[in-house]
1. Looking at Ala72, Ala57, which is the one that is aliphatic (A, V, I, L, M), over 16 Å from Arg22 (Cα atoms) and surrounded by fewer than 16 Cβ atoms within 10 Å (Cβ to Cβ)?
2. Go through the residues of the range 67-79 one by one and say whether even a single one is in contact (Cβ under 8 Å) with a residue 40 or more places away in the chain and within 22 Å of Glu46 (Cα to Cα).
3. One residue is enough: does the range 79-93 have a residue meeting the conditions more than 31 Å from the chain's Cα centre (by Cα), at pLDDT 80 or above and either exposed (fewer than 12 other Cβ atoms within 10 Å of the Cβ) or in the same structural domain as Leu29 (by TED's automatic domain parsing) (or both)?
4. Would you confirm, using the coordinates I've provided, whether Ile48 is in contact (Cβ under 8 Å) with a residue 40 or more places away in the chain and hydrophobic (A, V, I, L, M, F, W, C)?
5. Take the residues in the range 29-45 that are touching a Leu at 6+ places or on another chain (Cβ under 9 Å) and in contact (Cβ under 8 Å) with a residue 12 or more places away in the chain, then tell me which one is farthest from Ser63 (Cα to Cα).
6. Just give me the residues in the range 1-52 being part of a loop (DSSP other than H, G, I, E, B) and under 24 Å from the mean Cα position of the chain (by Cα), in sequence order.
7. Out of Leu60, Leu71, Leu51, which single residue is under 30 Å from Gln9 (Cα atoms) and in contact with a helix residue (DSSP H, G or I) (Cβ under 6 Å, 6 or more places away or on another chain)?
8. Kindly indicate whether Leu108 is outside the structural domain of Arg22 (by TED's automatic domain parsing), in contact (Cβ under 8 Å) with a residue 60 or more places away in the chain and part of a helix (DSSP H, G or I).
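The values are calculated or read from the model by the stated rules, or taken from the named source; none is laboratory data. All values reported here derive from a predicted model rather than from experimental measurement. All Cβ positions, even for glycine, are placed from backbone atoms using ideal geometry, and neighbour counts span all protein chains on display.
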Amino acid sequence: MAEAIHIGQAAKVSGASVDTIRFYQKLGLIKSATRSAGGYRLFDEEQIRDLQFVRHAQELGFSLSEIKELLALRKKHHACSEVQSMLECKLTDVRAKIEGLGRLEAELRGALRTCNRALRLNPAAKHEDCCPLLERPDRTNKSNGKRNDAGRARTEINRVQGAPWSPASVRSVA
């Protein structure tokens, strides 16, 4: 790509929307585009590479402010140790999120097991008529109010009467 391209083509090449590209420019993640005679933004190869870099860094979980730092480090010589440090921090964050998701998965699995067990024990109950967990959420917390009999963390359902269920309505209570 030897010549500059319009913003629409830059969006296709980079995988970012036109609005996203404008937003990146406003934040200073990519340099401002030159304009054609008709007033259209024109992007050169360097700007396209920066757009692709930003998109890839976002896929890796970097925030826009972290990406701005990485872009600055791209222009700096011998910045490898600084980038390595940022990568180590990001990896630590990812590991912590994975750990938290594992705990959440175990809690949700336990809540589902409780529902299934209650429905098996009461064959007259139908899924449409009741949900054992919502009917009697305290059943899973017989011991000390914080842990159930198996020692797993308690799951609390925060639900407004009549509101639909959502993952945000479930939280862990240690």
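1. Testing whether each residue is aliphatic (A, V, I, L, M), over 16 Å from Arg22 (Cα atoms) and surrounded by fewer than 16 Cβ atoms within 10 Å (Cβ to Cβ) leaves just Ala72.
2. Yes: one or more hits.
3. Within the range 79-93 (the criterion being more than 31 Å from the chain's Cα centre (by Cα), at pLDDT 80 or above and either exposed (fewer than 12 other Cβ atoms within 10 Å of the Cβ) or in the same structural domain as Leu29 (by TED's automatic domain parsing) (or both)), the answer is no, since none of the residues qualifies.
4. yes
5. Result: Ser36.
6. Gly15, Ala16, Ser17, Gly28, Leu29, Ile30
7. After applying the criteria, what remains is Leu51.
8. Yes; evaluated as a whole, the condition is true for this residue.
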